[in-house]
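Structure first, commentary second.
No value in this document is a laboratory result; all are computed from the given coordinates. As the structure is a computational prediction, the values presented were derived from the model and not from experiment. FYI the Cβ positions are ideal-geometry reconstructions off the backbone, even for glycines, and counts take in every protein chain you see.
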Amino acid sequence: LVQRLQSYRLQSCLTQAALQLVADRLPDEKIRHLREVFSALDRSGCGKLSVEDLKAGLDSHMDVGDMASVVELLLAGMGFEAGWSITYTEFLAAVLDRQQDLQE
C-alpha cells in the first residue's frame with residue numbers, strides 16, 4: 001500500500017489525473033474492498049488520509065509490539081511529510097491494479 005502511494009506521488013500531474021479518471025469510473029463491485037480499507041484508515045471520517053491515519057493503520061496491522069516509530073521512519077523515508085493527505089479518489093488511483101484496469 002505504502003509503495004503504491006509513493007509511486008503515485010512520483011507520477012506526473014497528467015498521469016495522476018488519468019489514473020483518477022480511471023479510478024472514478026471503476027464499477028462499485030471492483031472497488032468495494034478498497035473503499036472499506038480507505039474507510040478503516042480514515043479515522044476522522046473527513047474523506048482524506050493523513051500520514052497519521054496511515055501510521056495508525058499500519059501500526060495496528062503489525063504484530064510486533066509498538067511499531068509507530070518504525071512506521072513513522074518508513075513513511076518519512078518515502079517522502080510523506082506531516083501535512084500530506086490523500087483523497088479517496090487519489091487513494092483509488094494509487095492502489096488500483098494499473099495494468100488490468102487501464103486495459104479494461
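Near the amide H of Ser85, within less than 5 Å, lie no amide hydrogens of residues on another chain or at least 5 residues away, with H placed in the peptide plane. The trypsin sites (Lys or Arg not before Pro) found in region 1-39 that occupy coil by DSSP, while having at most 11 further C-beta atoms within 10 Å, are Arg25. The string of couplings for region 33-46 from the Karplus curve (6.51, -1.76, 1.60, θ = phi - 60°) is 4, 5, 5, 5, 4, 4, 4, 5, 6, 7, 4, 8, x, 8 Hz, one whole number per residue in order, with x for Gly and Pro.
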